[in-house]
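The values are calculated or read from the model by the stated rules, or taken from the named source; none is laboratory data. All figures in this text were calculated on a predicted structure; none of them were measured in a lab. Positions of Cβ are generated from backbone atoms using ideal geometry, with glycine treated the same way; all protein chains shown enter the neighbour counts. The protein model used for the area step is the full one, side chains on, heavy atoms only, and it has no ligands, DNA or RNA in it. Shrake-Rupley method; radii C 1.70, N 1.55, O 1.52, S 1.80 Å.
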Amino acid sequence: MASIGFKKAKYNLIDPENKKYAALTDGKVPMLEKVIDEKFSPEYNSAELYADDALAESDYSFKKGGLAITVANDEDERDAELMGNTISEGEVTKNIADTAPEVGYGHIVPKKINGVKKYKVEFFPRVKFTKITTDAKTKGEGIEFGTTAIEGTVLPLQEDFNGLKAGDWEKHQTFATEAEAEAYLVKLLTPVA
């Protein structure tokens, strides 16, 4: 199964009071535009208890994961929303008291399986973004494009939320068409009734 792309990264804010994702504006799930790449690094517990000279108990459960996303552009409104900054008339203000909201995040990975194109949705129900940095470099003899890095932490759900169960931290499913994959991703990020 070979990945041959990455597209349609989407997110939605978590509404902790109602235990579901935020209401959609114009019925659309927000997009994370122009994603270049993404890296996910899971961390697992590693605890072992030995008794009578043998392994008696062990725990290798998921703890959390690092999520690093590179996008082509910094976008003030999106970045302010993800980091909990204030924005007024186009001006972004960052304050030490800002708190980044938790979000659900997912994307579609086109794949080729035995010569047939498929579309895999990868979805993290609870992510907290912690840092957004932008590269900038003077123009030399050639042009180099700068990018923006968005870093966050994937966490397991602490309680049942938006139709998902406590402890869930990732969902994925592969579809025959991109339209089916996108419909599934949108459904995951839409607040349940």
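Computed values, structure above
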read-out: Residue in region 47-60 that is surrounded by the fewest Cβ atoms within 10 Å (Cβ to Cβ), counting only those that are of a type in the set (Ser, Thr, Tyr) and assigned to a strand (DSSP E or B); value: 50
read-out: Filtered residue count, region 1-22, keeping only those that are part of a strand (DSSP E or B) and farther than 17 Å from residue 110 by Cα; value: 7
read-out: Tally, over region 23-46, of residues that are of a type outside the set (A, V, I, L, M), farther than 22 Å from residue 5 by Cβ and not in a strand (DSSP E or B); value: 4
read-out: Which numbered condition residue 142 misses (of (1) closer than 14 Å to residue 11 by Cα; (2) without any contact (Cβ under 8 Å) to a residue 12 or more places away in the chain); value: (1)
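Residue by residue, here is whether (1) over 26 Å from residue 21 (Cα atoms); (2) open to solvent by 60 Å² or more (accessible area, probe 1.4 Å); (3) in contact with a strand residue (DSSP E or B) (Cβ under 8 Å, 6 or more places away or on another chain) holds:
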site: 116; (1), (2), (3): yes, yes, no
site: 122; (1), (2), (3): no, no, yes
site: 134; (1), (2), (3): yes, yes, yes
site: 167; (1), (2), (3): no, no, no
site: 172; (1), (2), (3): no, yes, yes
site: 181; (1), (2), (3): no, no, yes
site: 186; (1), (2), (3): no, no, yes
